[in-house]
Amino acid sequence: MTRILGIESSCDETAAAVVVDGCEILSSIVASQIDIHRKYGGVVPELASREHLRQIVPVVREALGEAKLAIADVDAVAVTQGPGLVGSLLVGVTYGKVLASSLGRPLVAVNHLEGHVHAVFLEAHIAGRRPELPAVCLIVSGGHTVLYDVQTEAAATAREGKNGAQRFCYARMGQTRDDAAGEAYDKVAKLLALGYPGGPVIDQLAEDGNPHAFRFTPAVTRGNPLDFSFSGIKTAVLRYVRAHPEMSGEIAAREAALQRGERKVAQLRPSCSRLTRDLVASFQRCVVSDLVNRTLAAAEERDARAMLISGGVAANSELRRTFEEEAGARGLEVFFPSRALSTDNAAMIAAAAYPRLLAGELGTMEMNAEANFPLA
Ligand code: KG4
Ligand code: ZN
């Protein structure tokens with residue numbers, strides 16, 4: 001039995017978790033900084049690193065406490081090396097190094113994006129399922145929108161761990177050329193005064209709107225049709241709002257409501273005109289169909305057996321519904337992590353570390369945080 005303590009601090013969540021043999025979650029603690037960054041409408045890197053420093057020790061203690069383990073019971077320490085905000089990553093990397101060396105336990109450096117892939121396998125394991133490979137994985141969050149081809153690594157198969165821990169190999173098929181999809185949700189929500197983060201609010205508000213009211217079209221990404229681009233749709237929404245000064249009254253009313261701390265959809269909804277509801281429903285329809293269509297094209301290109309969808313935006317209800325319908329129609333399987341495993345967490349980092357630990361791929365005391373750390 002291998003108990004890995006995972007640590008994640010790449011963006012605005014300080015997280016720690018204990019996972020046994022890469023698949024059984026004993027604890028998973030996430031301290032979110034949303035309340036700190038909300039008034040800026042996005043993550044402020046300097047504030048994020050300070051908050052990680054404040055949170056890291058209590059979060060690790062809570063993860064150990066919930067797992068009913070003492071620190072000395074941990075067999076290895078896994079930490080996110082990148083990609084992410086360098087100041088935030090450094091807190092986790094430094095803490096992980098010190099912890100591993102003082103305990104005399106191995107340290108495993110994990111790519112955050114590989115963590116998101118493993119979140120899908122963790123969830124599938126809980127449900128008694130296992131995605132068949134080859135698969136395509138869409139990682140879609142506030143910081144990333146990227147499509148990978150996920151294969152079983154031939155060499156890794158021979159080294160397969162005792163619980164079937166497999167190493168995967170990845171090939172990047174497409175990525176966003178500008179904004180991440182979650183970033184587009186957050187920016188549209190900011191300009192319509194719907195609060196931060198924007199995704200969950202737009203997700204709910206879109207249910208009351210007409211998704212066909214506005215004709216937003218997905219970007220054409222010359223050179224690689226599997227790349228994404230979301231800055232155009234955000235600008236299209238902005239242009240629309242500027243051209244309709246009658247919207248300024250309701251936007252000011254919502255800004256005032258947000259100032260008073262009234263952030264719930266039920267509190268914001270009454271001030272949302274039909275125009276606003278149609279606008280967010282049409283925006284969401286365009287983003288969701290774009291994400292689904294390019295992922296389906298990638299799956300077809302690689303003759304994939306399954307589609308794996310991970311990251312904060314994977315919680316979106318229309319995205320889930322559309323993926324399930326389209327996958328069903330094609331006899332493909334689609335896998336989503338639960339909401340808790342979709343967003344940033346440390347259980348996925350500990351899970352991704354397990355096959356690396358078994359393969360003897362260890363981090364060193366010289367390793368550094370890598371703000372840009374491609375998975376493939
Ligand atoms: O993975 P995550 O927690 O953090 C990173 O960005 O790494 O993702 C947060 C992003 C935010 O942009 C948020 O607006 C978006 O995920 N999000 C959603 C939903 N829930 C969160 N976007 C659309 N629909 C949702 N239900
Ligand atoms: Zn993430």
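Results, tabulated for the structure shown:
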| read-out | value |
| --- | --- |
| For the chain, share of DSSP beta bridges that run antiparallel, in % to the nearest 5 | 60 |
| Solvent-accessible area of TYR95 with every protein chain in place, 1.4 Å probe, in Å² to the nearest 10 | 60 |
| Neighbourhood net charge (13 Å Cβ-Cβ; Lys/Arg +1, Asp/Glu -1) for VAL91 | -2 |
| Stretch gain in nm, segment ASP208-GLU262, where the contour uses 0.36 nm per residue and the Cα spacing is subtracted | 17.5 nm |
| Size of charge dipole - region 181-304 - debye, nearest 20, with Cβ of Lys, Arg +1 and Asp, Glu -1, no other charges | 380 |
| In nm, spacing of pseudo-spin labels at SER273 and ARG242 (7 Å Cα→C-beta vector) | 1.8 |
| Additional length obtainable on full extension of the chain from SER338 to THR152, 0.36 nm per residue less Cα span | 64.6 nm |
| The chain, Cα convex hull volume normalised per residue, Å³ | 136 |
| Distance from region 64-132 to region 223-252 (C-alpha centre basis), Å | 38 |
| For the chain: lysine pairs under 25 Å (alpha-carbon distance), excluding those fewer than 8 apart on one chain | 11 |
| Environment charge of ASN210, counting only residues whose C-beta is closer than 15 Å and scoring Lys/Arg +1, Asp/Glu -1 | 0 |
| Charge tally in the Cβ shell below 9 Å around THR14, where Lys, Arg are +1 and Asp, Glu are -1, THR14 excluded | -3 |
| Solvent-accessible area, 1.4 Å probe, carbon plus sulfur percent, for region 181-304 | 50 |
| Computed accessible area, ARG172, all protein chains, 1.4 angstrom probe, square angstrom | 110 |
| Size of charge dipole - the chain - debye, nearest 20, with Cβ of Lys, Arg +1 and Asp, Glu -1, no other charges | 580 |
| Computed [θ] at 222 nm, deg cm²/dmol, the chain (DSSP H ≥ 4; -39,500 (n - 2.57); rounded to nearest 500) | -14000 deg cm²/dmol |
| Estimated D of region 181-304 in µm² per second, where Rh is the Kirkwood radius over Cα pairs and Stokes-Einstein applies at 37 °C, 0.692 mPa s | 217 |
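The values are calculated or read from the model by the stated rules, or taken from the named source; none is laboratory data. Here the structure is a predicted model, which means the values were calculated and not measured. Neighbour counts are summed over all protein chains in view; Cβ atoms, including those assigned to glycine, are modelled from backbone coordinates with ideal geometry. Side chains are part of the model used for accessible areas, which takes the heavy atoms of the whole protein and leaves out ligands, DNA and RNA. Shrake-Rupley method; radii C 1.70, N 1.55, O 1.52, S 1.80 Å.
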